[in-house]
1. Counting each DSSP H run of 4 or more residues in the chain as -39500 (n - 2.57), what helix-only mean residue ellipticity at 222 nm follows after dividing by all residues, to the nearest 500 deg cm²/dmol?
2. Run the lone-cysteine check on the chain: no other Cys C-beta under 4.7 Å from the residue's C-beta.
3. Show me, for the stretch 59-69, the HN-Hα J-couplings you get by feeding each phi into the Karplus relation (A = 6.51, B = -1.76, C = 1.60, θ = phi - 60°), rounded to Hz, glycine and proline as x.
4. Given +1 on the Cβ of Lys and Arg, -1 on the Cβ of Asp and Glu, and no further charges, what dipole in debye does the stretch 10-107 carry about its Cα centre, rounded to the nearest 20?
5. Could you pull the Cα extents of the chain along its three principal axes, largest to smallest, in whole Å?
6. Residues with beta-carbon under 9 Å from that of ILE12, excluding ILE12: net charge, scoring Lys, Arg +1 and Asp, Glu -1?
7. Residue by residue through the stretch 18-26, which ³J(HN,Hα) values in whole Hz follow from phi under the Karplus form 6.51 cos²θ - 1.76 cosθ + 1.60 (θ = phi - 60°), with glycine and proline marked x?
8. Output the relative contact order of the stretch 1-75, whole-number percent, from Cα pairs under 8 angstrom with separation of 6+ residues.
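Here, each number is a calculation from the coordinates, and none is a lab measurement. Fair warning: this is a prediction, and the values are worked out from it, not measured in the lab. Counting neighbours? That spans all protein chains shown, and the Cβs are built from the backbone with ideal geometry, glycine included.
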Amino acid sequence: MARRELNNGPVIQDEKETVSKMIHIYCRKKHHHQHDLCDECNDLLNYCMQRLSLCRFGEKKSACSNCKVHCYRPEYREKIKSVMRYSGKWMLLYHPVYSVKHLVKQNQK
Ligand SMILES: [Zn+2]
């Protein structure tokens, strides 16, 4: 059986970039890692990248927080939730375009 292609369209790429930025902010502020991510955050980042590559909605995906399919394992879901909560406000300062896009997406139903 042929394996499904991994997602790599613009929506997924964009989402990956946003998630990666948010995890980096979180690790820098919370774990005081200046350049590289700590092991825990690195693990979370890899997990998120993998989930996005395999997201069944691909380019049609909505914000993960609105998604009906809970594809994250509970411990990762809790972690990424705290990252989003924590980094959300910093995203407004550092990367306004990303957070605005994210908010707009969240309000689309
Ligand atoms: Zn960290």
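1. Theoretical 222 nm ellipticity from helices: -21500 deg cm²/dmol.
2. Cysteines of the chain left without a disulfide-compatible partner: CYS38, CYS48, CYS55, CYS64, CYS67, CYS71.
3. 5, 9, 5, 9, 4, 4, 5, 9, 6, 7, 8
4. For this selection, approximately 420 debye.
5. Here the spans come out as 45, 30, 23 Å, largest first.
6. My count for the surroundings of ILE12 gives -1.
7. Going residue by residue, I get 5, 4, 4, 4, 5, 5, 5, 4, 4 Hz, with x marking Gly and Pro.
8. 43 percent
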